[in-house]
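Colleague: Below is one structure. I have some questions about it.
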Amino acid sequence: MTAFDSDLIRRAGDVPENLRFCLEDSDLIRCVYEAIHEVSWPKVALDQAPEEDNTPNAVLRTLLVYSYAIGMYSARDIEAAAIHDPTASYLAVGYRPKWTTLRAFRRKSTIALRQALIALFRIAAGPGRSFDPEITYAEYSCARFQFQDPIHFEMESEKRLKRAIQADSMASDD
């Protein structure tokens, strides 16, 4: 067994870093919306004037959950994606959230975002998904993703939120 083989076996049960490797964009969007609707979201008042950024909370939560699902954690990257990435732009429904707004929303909605990510992983890995594990590591990872214990989804959601916090902390240092 090579080092690559043992690493593949060790990581095979991980939730794929980018769920776009496992799901078509339309399926991923549907899963994001389903997950968001399962969560009781707090009313978040952001500390900025509406003329600075009037992006509704519903758009912010959708963009953040989708972005974390595809491995995009930096609020600055998400801000750019809402303009340049076709799927993120579609989810932004014409709004252009500023990175400071995204970061502030994440800070005030961490518990709900965590719950939404757990729901998303559960929905995305649910029955009826079929992945062909024969071609690439990503597809193999997707096939194994179907058999995750829910505790893995909780750990994965924590990991992704920590990455978002880290990414935004590093950006603030610039």
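The values are calculated or read from the model by the stated rules, or taken from the named source; none is laboratory data. Computed from a predicted model, the values in this text were never measured in an experiment. Cβ sites come from the backbone with ideal geometry, for glycine too, and all protein chains shown count toward neighbours.
Colleague: Looking at (1) within 23 Å of ASP25 (Cβ to Cβ); (2) surrounded by fewer than 14 Cβ atoms within 10 Å (Cβ to Cβ); (3) modelled with pLDDT of 85 or more, can you tell me which one THR136 breaks?
Modeller: So THR136 meets the others, but not (3).
Colleague: Are any residues in segment 88-107 over 22 Å from ARG20 (Cα atoms), free of Cβ contacts under 8 Å to residues at least 12 places away in the same chain and assigned to a helix (DSSP H, G or I), and if so, which ones?
Modeller: ARG107
Colleague: Separate question: What do you reckon, is SER67 buried (at least 20 other Cβ atoms within 10 Å of the Cβ), among the polar types (S, T, N, Q), within 23 Å of ARG30 (Cβ to Cβ) and in contact (Cβ under 8 Å) with a residue 40 or more places away in the chain?
Modeller: Criteria not met by SER67.
Colleague: Hey, any hits in segment 74-87 for a residue that's touching a Ser or Thr at 6+ places or on another chain (Cβ under 8 Å), part of a loop (DSSP other than H, G, I, E, B) and crowded, with 16+ Cβ neighbours inside 10 Å?
Modeller: no
Colleague: Does at least one position in segment 112-132 carry a residue that is part of a loop (DSSP other than H, G, I, E, B), at pLDDT 90 or above and under 22 Å from TYR73 (Cα atoms)?
Modeller: no
Colleague: Which count do you get for residues in segment 41-68 that are modelled with pLDDT under 95 and closer than 19 Å to PHE21 by Cβ?
Modeller: 0
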